[in-house]
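The values are calculated or read from the model by the stated rules, or taken from the named source; none is laboratory data. Note that the coordinates shown come from a computational prediction; the quantities given were computed from them, not determined experimentally. Cβ atoms come from the backbone with ideal geometry, glycine included; neighbour counts cover every protein chain shown.
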Amino acid sequence: MNKLTILAALACTFGIASAKSPTHISLRAESMGGAHVAVVDDKEALHFNYAGLSQINRLGNYEYRPEQGYYPRNWIGDMRLTFGGAGEFKRILSTYDDVKDLQDLFKNAENAADKNNKDKTGAILDSLVDNPSYANLLKYYDHRNLDMRLKIDAEMAFHNFGAAFWMSGGVSPYVDGGLILPRIIVDTIYIDAVAQIGGAYEILPNRLSVGLGGKIVKRHKTKMISIGMENYSSITDTLENQLDNATDDFFDSKTFSFGIDMGVLYQLNREVRVGASLRDIYFKSLAGETLIPNFTMGINYSPRFMNSNTGFGRKFNIAMDFADAFNNDRNYKFFSHINFGLELEQTLLAIRGYNNEIRFISLRLAGGFKGGYPSAGIGIEVLRFFTFEAATWGEERGYYTGQEENRIYMVQASIGF
């Protein structure tokens, strides 16, 4: 395997960057199509609606949720350490195979040119004429995006209070087959680090809650670079220098941005609640970019007949959001802002006892639509300490809604209470 193949494989370990605010990836929310601003009954309130922190430790409380009286209550809160990764695995594997095929084409053409003392460029063009399948492969191979994302979360949430530190990173590369030398073009490399803290206050007990949170954000970005065989060493040195520079100025306050999030949650009755949040209000640009605040409003319906107050607790949610209302980049179609989803969580193995029940295994299934693209997910919780989740959802790769789907597959594992 030569350096070009290694480069292509490494490019697959990053994801597409976008000029938007740092966004925490919640597999529970993504499974539901991103509809979560009125669900927020756990630590995800930190990322979707701080007012939802008032819901923590309510499930399993006979006074507030009699239909879920046996649902286990997290007396010490919701604390998790999570690691996750995502990618378009089929596209990544097929791109690797195509890289090998193109390398064979170039190598054979160059050998033929050396043997016959001919120009290498002409030999490659002759090979493409003689082998139409290679020409088609080259056309398909050019500008192919390779997506992958990584995340690390440390979160804790209690009744009316929460804090988190999380990091995510990515890059937006595409592969250019070229006629002479294949190249990897990287539009943007970025790393986001976010520390946030906030709380909720119940204006009307068990009815109306408001939330407010603040965040400190650091983003390191590297603009477009082109990596090929002839500049591999110099680009490697450049990236190493940039990494050193990013490390040196990581704690420089001038490179940080500060923002606030706020939200509201209203419980209409035992089954229906509505919520709204205004997030990512930054006081200065982030990495030279001015960011648009995210305004989202939604509704959640949790029918009593679908919830269980037995030892094998069950909860069921149906939610819909009008998301990111201020962002007009892709409002060519109305559904670009509509998120819809549902989830069912069922305890499969439990023993009634301490803290309402000892829950050994719990299963969560979810599905929905995000911006018109389908989503789905599954989560398994073991001993209320280990959680494994997998989800898939679609994001718009094109310039307008519905042009080209970017299908994301992600898995993550977390530990904590």
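Among the strands (runs of 3 or more DSSP E) confined wholly to region 151-239, which include 1 or more residues that are farther than 28 Å from Ala390 by Cα, touching a Ser or Thr at 6+ places or on another chain (Cβ under 6 Å) and at pLDDT 75 or above? Full working, then the answer.
On the way: elements: 161-176, 183-204, 208-222, 225-227.
Those strands (runs of 3 or more DSSP E) span 183-204, 208-222.
Starting from residues that are charged (D, E, K, R) and over 29 Å from the mean Cα position of the chain (by Cα), keep the ones in region 344-365 and report whichever is modelled with the highest pLDDT. Quick ask: steps written out before the conclusion?
Quick first cut of region 344-365, residues charged (D, E, K, R) only: 345, 352, 357, 359, 364.
Checking which are over 29 Å from the mean Cα position of the chain (by Cα) leaves us with 352, 357.
On the way: Arg352: 65, Glu357: 59.
It comes out as Arg352.
Restricting the search to region 257-305, which residues are under 30 Å from Arg219 (Cβ atoms) and among the β-branched types (Val, Ile, Thr)? Even if it seems obvious, please write down each step before you answer.
Keep residues of region 257-305 that are under 30 Å from Arg219 (Cβ atoms), which gives 257-265, 275-298.
Result: Ile260, Val264, Ile281, Thr290, Ile292, Thr296.
If Phe316 satisfies all but one of (1) surrounded by fewer than 18 Cβ atoms within 10 Å (Cβ to Cβ); (2) in contact with a strand residue (DSSP E or B) (Cβ under 9 Å, 6 or more places away or on another chain); (3) over 30 Å from Ile351 (Cβ atoms), what's the number of the condition it fails?
That leaves (3) as the condition not met.
Report, ordered by the first and then the second residue, all pairs with beta carbons closer than 6 Å, sequence separation of six or more or different chains, a first member in region 370-386 that is basic (Lys, Arg), and a second member that is surrounded by 17 or more Cβ atoms within 10 Å (Cβ to Cβ).
If the second residue must be surrounded by 17 or more Cβ atoms within 10 Å (Cβ to Cβ), the pairs left are Lys370/Gly33; Lys370/Gly34; Lys370/Asn339; Lys370/Trp393; Arg384/Arg359.
What's the total number of residues in region 362-385 that are in a strand (DSSP E or B), touching a Gly at 6+ places or on another chain (Cβ under 9 Å) and hydrophobic (A, V, I, L, M, F, W, C)? Walk me through how you get there before you give the answer.
As a first pass, look at region 362-385 and keep what is in a strand (DSSP E or B): 362-370, 373-382.
Those still in the list that are touching a Gly at 6+ places or on another chain (Cβ under 9 Å) too: 362-370, 373-377.
With the extra rule that they be hydrophobic (A, V, I, L, M, F, W, C), the set shrinks to 363, 365-366, 369, 376.
Qualifying residue count, region 362-385: 5.
Can you say whether Phe326 is of a type outside the set (Gly, Ala, Ser), over 27 Å from Glu381 (Cβ atoms) and touching a helix residue (DSSP H, G or I) at 6+ places or on another chain (Cβ under 9 Å), as far as the supplied structure shows? Explain how you work it out, then say what you get.
Details: of a type outside the set (Gly, Ala, Ser): yes; over 27 Å from Glu381 (Cβ atoms): yes; touching a helix residue (DSSP H, G or I) at 6+ places or on another chain (Cβ under 9 Å): no.
The answer is no for Phe326.
Taking region 294-327, which residues are touching a Ser or Thr at 6+ places or on another chain (Cβ under 6 Å) and farther than 19 Å from Asp42 by Cα?
Across region 294-327, the qualifying residues are Phe312, Ala323.
Of the residues Gly377, Gly402, Gly368, Gly341, only one is of a type outside the set (D, E, K, R), at pLDDT below 95 and outside the structural domain of Leu27 (by TED's automatic domain parsing); which?
Numbers: Gly377 fails: at pLDDT below 95; Gly368 fails: at pLDDT below 95; Gly341 fails: at pLDDT below 95.
Criteria check complete, one pass: Gly402.
Within region 393-407, restricting attention to residues that are touching a Gly at 6+ places or on another chain (Cβ under 7 Å) and over 20 Å from Thr296 (Cβ atoms), which residue is surrounded by the fewest Cβ atoms within 10 Å (Cβ to Cβ)?
Checked region 393-407; the qualifying residue surrounded by the fewest Cβ atoms within 10 Å (Cβ to Cβ) is Glu404.
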